[in-house]
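Input: a single structure, listed below in structure tokens.
The values are calculated or read from the model by the stated rules, or taken from the named source; none is laboratory data. Note that the structure is a prediction, hence the values are computed from the model and not measured. Cβ sites come from the backbone with ideal geometry, for glycine too, and all protein chains shown count toward neighbours.
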Amino acid sequence: MTLSRHVSTFLALALLTLTLLFGAGCGPNYVVPDTPAQAIVAAEAKVKTAEEAQKSKSTQEAALWQEAAGFYGAVANKFITQPEGMKAAVVAADLSIAHLKNDYQAWVQLKQQVRQVAKVESPEKTALVEKLDALGLKMDKDNSKGVAYKIMDGLVNLCGGNPEGSPVIAIFVIAIFVAIIMWPLQLKQYKSFKELAKYQPEIKKIQERYKEDPMLMQQKMGEFNRQHGVNPMQGCWMIIPQMGIFFAMFQLIQSYQFHFNNTHFLWINQANGLASLQWPSPLTGAVAHHLGELDILLLLLYAVAQFLQSKLLPPPTDPTQAEVQKAMTTFMPVMYFMFMFNSQVSSAFVLYYFVSTLLGMLRQFLMNRMTKDEGTGPVVLAAEGTSGDNAKSGASLAANPKLISPKNQKKK
């Protein structure tokens, strides 16, 4: 596999994963008329079309309601600071709730729109905020029946039950607990990678020797791996528990997200949130009022911490893997930042991953110190038919016992 295919595969998988987690952040492009009055007339026409499809029990009913709700949302976004735009936002939410059964989509849109009109004072804005609050109470009541909510609520109560600070303490406790239980697995994986890295020079020789015959190269690589117990996919199984924890934490915080509206952390508070609304664009509203909103400064800190953590990883000896790791180092923080920004995740979720990243940096530093004298120097195997004395780097043809699988050990 060439370098470009390595990088392309990684980027495609990463993009797919985050799209599934946060949504693509894009949708149909609606052509909205230039005046609010014309836009409302066009939106009402789409609702009427959907109603007619509903009466006739057309198979297009769901798609037409989706289009009507989406068009009203587009009208709201275009004219959000005007009374017609705020009214359209309420209608879009009602359509999503009543006909699409998608409370979460309606809540996310309302939350973004309310933030855009934070400095507006009007009856339409009051109705918009009341709609958001009512929907939040409904969703929180539904969430309270789930296991994830009960776990988070129980932990918050154990941490003092203070709505302003206990959720933050709970997030720190969870991050530390996860770091502790993952430590043995990650240390084992790290040591395994260091052992496997010693064989990279010999693997590179095989790749160069048989590069003109890919099938024969794969055969020789397989023979080498079986002889020396090398498993190129050995570290991939660690993705399973890590992804499981990622989804579990996302669900845990999302189920409890409405309680973070009363939680503050350092600079994230009502006063600073209101003050940031006066900042020049694009920093307008960069500070969240509470952990239920997305805080841009915290998200930036998380992206920087993620970048620095990747720099602590030991560089692979294989040039292709080194290029892939370099691409990951640059691309991942930017991609996570953009998707979290577009999906407007709560700062509580960003805070958990920021703390986890800091703990990961500490973990990587400790592992680097603990294993710095282990497995130093590459293994250079003697050629077939020669003695180990010909291997100038001190390694003979004998396989590393730490890398031999139990199955291969029995064969001996």
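Of all residues in region 25-76, exactly one satisfies the criterion of being closer than 19 Å to A106 by Cα, among the polar types (S, T, N, Q) and part of a loop (DSSP other than H, G, I, E, B), namely N29. Annotation for region 94-108: at least one member residue is under 24 Å from T284 (Cβ atoms) and in a helix (DSSP H, G or I). Taking the criterion of being without any contact (Cβ under 8 Å) to a residue 60 or more places away in the chain and crowded, with 19+ Cβ neighbours inside 10 Å, the residues of region 261-285 that qualify are G273, S276. Report yes if some residue within region 62-72 is out of contact with any Asp or Glu (no Cβ under 7 Å at 6 or more places or on another chain), loosely packed, with under 14 Cβ neighbours inside 10 Å and not assigned by TED's automatic domain parsing to the domain that holds V345; otherwise report no. Checked against the condition, which is being out of contact with any Asp or Glu (no Cβ under 7 Å at 6 or more places or on another chain), loosely packed, with under 14 Cβ neighbours inside 10 Å and not assigned by TED's automatic domain parsing to the domain that holds V345, region 62-72 yields at least one hit.
Residues are listed down the side, and each one gets a yes or a no for (1) farther than 28 Å from K119 by Cβ; (2) within 30 Å of the chain's Cα centre (by Cα):
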site: P33; (1), (2): no, no
site: P36; (1), (2): no, no
site: A43; (1), (2): no, no
site: K48; (1), (2): yes, no
site: E52; (1), (2): yes, no
site: Q66; (1), (2): yes, yes
site: A76; (1), (2): no, yes
site: E84; (1), (2): no, no
site: L95; (1), (2): no, yes
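A175 passes every criterion in (1) at pLDDT 85 or above; (2) over 29 Å from N368 (Cα atoms); (3) touching a helix residue (DSSP H, G or I) at 6+ places or on another chain (Cβ under 6 Å) apart from (2).
Once region 87-136 is narrowed to residues that are in contact (Cβ under 8 Å) with a residue 60 or more places away in the chain and over 25 Å from E67 (Cβ atoms), the residue that is surrounded by the fewest Cβ atoms within 10 Å (Cβ to Cβ) is K119. For F331, the criteria (1) modelled with pLDDT under 70; (2) under 15 Å from E293 (Cα atoms); (3) of a type in the set (F, W, Y) hold in every case but one, which is (2).
Among the residues that make up region 137-148, is at least one of them surrounded by 15 or more Cβ atoms within 10 Å (Cβ to Cβ) and of a type in the set (V, I, T)? Looking for residues that are surrounded by 15 or more Cβ atoms within 10 Å (Cβ to Cβ) and of a type in the set (V, I, T), one finds none in region 137-148, hence no.
With respect to T19, determine if the residue is modelled with pLDDT of 90 or more, outside the structural domain of M338 (by TED's automatic domain parsing) and either surrounded by 16 or more Cβ atoms within 10 Å (Cβ to Cβ) or farther than 27 Å from K141 by Cβ (or both). In short, no. Candidates are the residues of region 131-163 that are in a loop (DSSP other than H, G, I, E, B) and under 15 Å from N261 (Cα atoms); the one that is modelled with the highest pLDDT is N162. Per the listing A288, A303, the residue uniquely within 17 Å of S346 (Cα to Cα) and within 19 Å of the chain's Cα centre (by Cα) is A303. Could you check how many residues of region 162-172 are surrounded by 15 or more Cβ atoms within 10 Å (Cβ to Cβ), in contact with a helix residue (DSSP H, G or I) (Cβ under 6 Å, 6 or more places away or on another chain) and farther than 15 Å from S356 by Cβ? Residues in region 162-172 being surrounded by 15 or more Cβ atoms within 10 Å (Cβ to Cβ), in contact with a helix residue (DSSP H, G or I) (Cβ under 6 Å, 6 or more places away or on another chain) and farther than 15 Å from S356 by Cβ: 2 in total.
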